[in-house]
Amino acid sequence: MIGYLRCRLRERGTWVAIGAAVTGAAALPSPYSWMAILAGVVAALLPTPGGKGAA
């Protein structure tokens with residue numbers, strides 16, 4: 001799991017998705033903005049179907 005996260009965090013697309021989550025969350029009020037950032041980061045780090053290692 002740690003190895004997967006390290007590889008995922010090296011990908012440029014992951015950082016673009018995290019940046020988009022932060023940018024989008026900036027328009028929301030405080031408690032909702034933090035939830036939107038958390039959801040965006042989790043979504044960016046989840047394995048994609050059909051990606052490397054898919055069965």
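Some points to look at:
- Between the entries [x] 1.06; [y] 1.00; [z] 0.96, the label attached to Rg/Rh (Cα atoms, Kirkwood Rh) calculated for this structure is [x].
- Relative contact order for the chain: 34 percent, from Cα pairs under 8 Å spaced at least 6 residues apart, divided by residue count.
- Accessible area in square angstrom per residue, the chain, 1.4 angstrom probe: 79
- Acute angle (nearest 10 degrees) that the helix 30-45 long axis makes with the longest principal axis of the chain, alpha-carbon atoms: 10
- Using alpha-carbon coordinates, inclination of helix 12-25 to the longest axis of the chain, degrees: 20
- Across the accessible surface of the chain, with the other protein chains kept in place and a 1.4 Å probe, carbon and sulfur atoms take up 71 percent.
The values are calculated or read from the model by the stated rules, or taken from the named source; none is laboratory data. Bear in mind the structure is a predicted one, so any value in this text is a computation, not a measurement. The accessibility values were calculated without ligands, DNA or RNA, using every heavy atom of the protein model including side chains. Shrake-Rupley method; radii C 1.70, N 1.55, O 1.52, S 1.80 Å.
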